[in-house]
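A short write-up of the structure that comes next.
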Amino acid sequence: MGKVYLILVCISSDLFLDPAAFGKDRIILLPEPKHATPPTPDPGQSDKDLQKLRERRKKREGGSLSYFDFFQHKRDKKLAKAAGKQGPYGFLMQTTLVLPALSARGPRSNYTSELSTHISALFRLSPEEDPFTQQFWWGLRLAPFAGTGTYKETAGRFNFLYFGPSFGIGNLSRESDDPDDSDESKKSGSSKRPKKKKIPETNAWFLMGGIAAHSRIVEVDPTDDIADKEMNTINSVQLDGPGLWVEFTYANIYFGSLGIHYVAGVQLGEEKMFFWIGAGAGGWY
């Protein structure tokens, strides 16, 4: 038994001490990597990437309402409430900047007309009724016109002031308000961004007409020998027959009292006809 143990010890010692029993050490070197230039950062692309990340975050969070958006929503809500305020709409005072044109015939020629301002006041005939129905309106109107022209080969400058009552029909309409989803969001406890509240609009249109009296001032060359009564009448009030006029008005009403309107009209006079378009502002009550 002792011999067998001795033989095993000798074999194992020769095996571990013999260098031929081990492989040679080898170091494998990888090839040198190619030189690469780092990309130049693009500020514009960085902003785009940042915007994409923000959009992804917004979608991931379900459009949560931020601190700034909360107060912006409250502001929009108050603004919509003030804009949708309903007034009695029984009285309208408006001023219109008009661009007129004048067509003359007979002894008149080469007539031109300058920018002018028309003023009108309208009252609802039945103020106790619902204003959002088609009703009759009445009022007063001032419509000055100024320009130059030639009458029987005599050049001069004219200032016509037409004034008188007006009567016609008008109608107000109001868009329905969007439902306020802020209460629903509070009840459900949702933090999602509320829908932006649309400002309600109130619109109005009028078709008015009447007969206008005529006050005029005519300036001619004092050296001319004027024997015509038409030219000698320097300042007078008369009816410029037929004196009929009609005007269409379309208006948008904001905050229950401020109106922005657009007009188009025509007026007949003696051997002349006025046309005009214009825009202006008015106050409602």
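The values are calculated or read from the model by the stated rules, or taken from the named source; none is laboratory data. Because the structure is predicted, anything quoted here is derived from the model rather than measured. Here the Cβ positions follow ideal geometry from the backbone for every residue, glycine too, while neighbour counts run over all protein chains shown.
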Let me confirm something: among 243, 283, which residue is part of a strand (DSSP E or B), surrounded by 15 or more Cβ atoms within 10 Å (Cβ to Cβ), small (Gly, Ala, Ser) and in contact (Cβ under 8 Å) with a residue 60 or more places away in the chain?
243
When segment 124-147 is checked residue by residue, the ones that are under 31 Å from the mean Cα position of the chain (by Cα), of a type outside the set (Lys, Arg) and surrounded by 14 or more Cβ atoms within 10 Å (Cβ to Cβ) are 131, 132, 135, 137, 138, 139, 140, 142, 143, 144, 145
Looking at 95, 150, can you tell me which residue is surrounded by fewer than 16 Cβ atoms within 10 Å (Cβ to Cβ), under 26 Å from the mean Cα position of the chain (by Cα) and closer than 30 Å to residue 271 by Cβ?
95
Within segment 255-264, of all residues that are out of contact with any helix residue (DSSP H, G or I) (no Cβ under 6 Å at 6 or more places or on another chain), touching a residue at least 24 places away in the same chain (Cβ under 8 Å) and of a type outside the set (A, V, I, L, M), the one surrounded by the most Cβ atoms within 10 Å (Cβ to Cβ) is 259
Report yes if some residue within segment 143-152 is more than 16 Å from residue 110 (Cβ to Cβ), touching a strand residue (DSSP E or B) at 6+ places or on another chain (Cβ under 8 Å) and in a strand (DSSP E or B); otherwise report no.
yes
If residue 157 satisfies all but one of (1) in a loop (DSSP other than H, G, I, E, B); (2) over 24 Å from residue 89 (Cβ atoms), what's the number of the condition it fails?
(1)
Has segment 173-185 got at least one residue that is among the basic types (Lys, Arg), at pLDDT 90 or above, under 20 Å from residue 283 (Cα atoms) and surrounded by 14 or more Cβ atoms within 10 Å (Cβ to Cβ)?
no
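So that you can scan it fast, the table gives a plain yes or no per residue for (1) at pLDDT 80 or above; (2) touching a helix residue (DSSP H, G or I) at 6+ places or on another chain (Cβ under 6 Å); (3) among the β-branched types (Val, Ile, Thr):
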position	(1), (2), (3)
28	no, no, yes
31	yes, no, no
51	yes, no, no
67	no, no, no
87	no, no, no
91	yes, no, no
116	yes, no, no
119	yes, no, yes
123	yes, no, no
